[in-house]
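Here is the structure we will look at.
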Amino acid sequence: IRSLLTEGSVISKSLQKVNLQLLNRQRENEEGRALLTALLDNVPEGITITGGPELRIIANSRQAIEWIEADPDHPNLKSGGIAQELVVKNIDGSTPDAEHMPLHRASRYGESTKGAQLMLERSDGRKMPIEMSVNPFRDESGKIIGAVSCWRDITERKQAEHHLRLISRELTHRAKNLLTVILGIAKQTTQPGMSIEE
């Protein structure tokens, strides 16, 4: 009986130790989750974390949700939604092959992309140019388990570029007109029968 009681005591202490370790890990996980939530709620960028080759959404920043969809309960924005269902095109409006999309390249092949310019089609029909950087993330063994994309709205930059192109074209047009006038004056001054004074 003493032997059984001693063994029971040792087992009980071991269980208490394991239970304490589990509680500590659970507390650390909750703290990490709270920190991630605070980060995603306050960062002024669109951040989307996806897992697996099917690009299941693990988390979205609040800014990403606002930019993608007016309805925060949209299934594509929630954990478990599929990022590929979001409508993203090339900046010129053409539809890209999925193989060439940064999220796909990161989650399948481990390729990082920096500064890719794409066009996000929002649920309200508006189009928003974005600049996206994507990196794969891996487990301890080095296996790719997902991707993290960080993206920003570049609407103002694209509008400024468009405005500069318009100004450049107008300047070129006016310069050509001015050269035409100068050439006309030069031709008038070289007509036969006129003296140098005339």
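The values are calculated or read from the model by the stated rules, or taken from the named source; none is laboratory data. Values in this document were obtained by computation on a predicted structure and should not be read as measured data. Glycine also receives a Cβ, built like all others from the backbone with ideal geometry; neighbour counts cover every protein chain displayed. Calculation scope for accessible area: heavy atoms of the full protein, side chains included, ligands and nucleic acids excluded. Shrake-Rupley method; radii C 1.70, N 1.55, O 1.52, S 1.80 Å.
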GNM top mover of 147, 106, 98 - the chain, alpha-carbon springs below 10 Å: 98
Taking the chain and counting helices only, DSSP H stretches of n ≥ 4 at -39,500 (n - 2.57) each over all residues, the nearest-500 ellipticity at 222 nm comes to -16000 deg cm²/dmol
Cβ under 15 Å from residue 163's Cβ, residue 163 left aside: what net charge do those residues give with Lys, Arg +1 and Asp, Glu -1? +1
Heavy-atom accessible area ranking, 1.4 Å probe, most first, across 56, 126: 126, 56
As a test question: what accessible area, to the nearest 10 Å², does residue 92 have when a 1.4 Å probe is rolled over all protein chains in place? 120
In Å², and per residue, what accessible area does segment 94-198 have when probed at 1.4 Å with the other protein chains present? 72
For residue 119, the net charge from surrounding residues (Cβ-Cβ under 12 Å; K, R +1; D, E -1) works out to +1
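Regarding the chain, what's the average projected area of the Cα-atom convex hull, expressed in nm²?
Result: 21.0 nm².
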Residue (of 190, 36, 91) at the positive-pole extreme of the chain, dipole from beta-carbon charges: 36
So who's got an amide H within less than 5 Å of the one on residue 59, skipping anything under 5 residues away but keeping other chains? H placed 1.01 Å off N, in plane. 49
For the chain, averaging the sequence separation of alpha carbon pairs under 8 Å that lie six or more residues apart and dividing by its residue count, the contact order in percent is 15
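Taking the Cα centre as origin and putting +1 on Lys and Arg beta-carbons and -1 on Asp and Glu beta-carbons, what dipole magnitude results for the chain, to the nearest 20 debye?
480
Using a probe of 1.4 angstrom, how much of the accessible area of the chain is carbon and sulfur, in percent?
Ligands and nucleic acids excluded, carbon and sulfur reach 57 percent.
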At a probe radius of 1.4 Å, what is the per-residue accessible area of residue 163, in Å² to the nearest 10? 110
Nonlocal amide H pairs with residue 123, under 5 Å, H built at 1.01 Å: 70
